[in-house]
Amino acid sequence: MYIRSWDEWIGVTEATDVINVVDTALKGGLDIKRHSRASSHDKSNTWDKLYPNPSPAQSIQIKKYIKKFGEDLIPELVSGVGKRKSTEFNPMLIDYVLKIKRRSGLPIVLTGGDDLFHQLKAPSSRHGKGNAIDFVIGKVNDTTGKIDHNLETDQNQAKIEKAIIDLIKEGKIRNIGLINEYKNPSGHATGGHFHMSLMLNDKLEYTYYHFIDKDGNILMIRDKQNMLTPSPTSNSDNLKKIYYNLRKLGKKEAEKIEKMQKKELDKSINKFSNSQNIKSIKKATVKDGLPSAKNFKPIKIPSIR
């Protein structure tokens, strides 16, 4: 089966197989947090229990994951799958994070999705429905499994928010719920991260951008009057209106850029055409046996007295 992302098709199985979810993320260059070490988490949540009779292809993939993560526990992104054979996790979320990574140029680690933590601490959240994803700016140390958080600066958080807004403006990401939980953590947050969710039943989730102004530009100095979201909002209709206006603005900006590019192209074409015409005239002059301007010598006329 194939699902339609905003601008491309993504291949997934009918059940959104766990291996496919993990593989899509890793192939795209995203890091994934290891299985949580929280005491409340199920330590029997292993690959062999999830796939008691794997196919040869699945066995190869599982061995690769065990080697990469240094354990046979399922990574945190899909740790809530438990004994089920499939996850409700929407792969479009991975597609969006991949686009954000490429646009921002920053390394990203996926820290939550259809995971045990949210099933236990926030069972009614969109995570349990496979409709939300958590990520941080950073890299995973392959030896220790720990995440390097040194890149989680205000400037880089602003880059992530700007990348998301630009992708929305261009129509490459649909309406989403986005919370910068570095600046506005939820009640059960264990550390700073970005929480992103998809629309559910035509409703957008609680949203807060900390570094974006009303025109979709970066705003490093907090100014409530000009912020895109002066405070966290859960008004879905208002958020849809905000995104609609941003897309309109993005269309105008794209048309302006296209117009400028066309103008520059026309100038280049005219310049090239004029250059070709001059070359043609020079060739014709030499061919006709006429002296070119370069070889012209004035004739001396004797004076008459």
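Only the coordinates and a few stated rules stand behind these numbers; no lab work does. These numbers were taken from a predicted model, which means no experiment stands behind them. Using ideal geometry, Cβ is built from the backbone for each residue, glycine included, and neighbour counts are taken over all protein chains shown.
Computed over segment 63-166, the quotient of the alpha carbon radius of gyration and 2.2 N^0.38 Å is 1.13.
Rounded, prolate or oblate: which one fits segment 105-210, using the alpha carbon gyration tensor with axes a ≥ b ≥ c (rounded when a/c is under 1.5, else prolate when a/b beats b/c, else oblate)? Oblate is the answer for segment 105-210, as a/c is 1.5 or above yet b/c matches or exceeds a/b. The Rg/Rh ratio for segment 137-270 is 1.07, where Rg is the radius of gyration of the alpha carbons and Rh is the Kirkwood radius. For segment 198-259, a/c is not less than 1.5, where a ≥ b ≥ c are the root eigenvalues of the C-alpha gyration tensor, and a/b does not top b/c. That puts it in the oblate class.
In order along segment 143-160, the Karplus-derived 3J(HN,Hα) couplings, from 6.51 cos²θ - 1.76 cosθ + 1.60 at θ = phi - 60°, round to 7, 8, x, 7, 8, 7, 9, 5, 8, 7, 7, 4, 4, 6, 4, 5, 5, 5 Hz, and Gly and Pro are given as x.
Taking N as the residue count of segment 2-234, its C-alpha radius of gyration divided by 2.2 N^0.38 Å amounts to 1.00. Rounded to the nearest 20, the size of the Cβ-charge dipole of segment 2-234 about its Cα centre is 240 debye, with Lys and Arg at +1 and Asp and Glu at -1. Peptide packing: for 104-116, 46-58, 162-174, the average count of neighbouring Cβ atoms within 10 Å per residue gives the ranking 104-116, 162-174, 46-58, highest mean first. Packing-based ranking of 135-145, 234-244 yields 135-145, 234-244, ordered from highest to lowest mean Cβ neighbour count within 10 Å.
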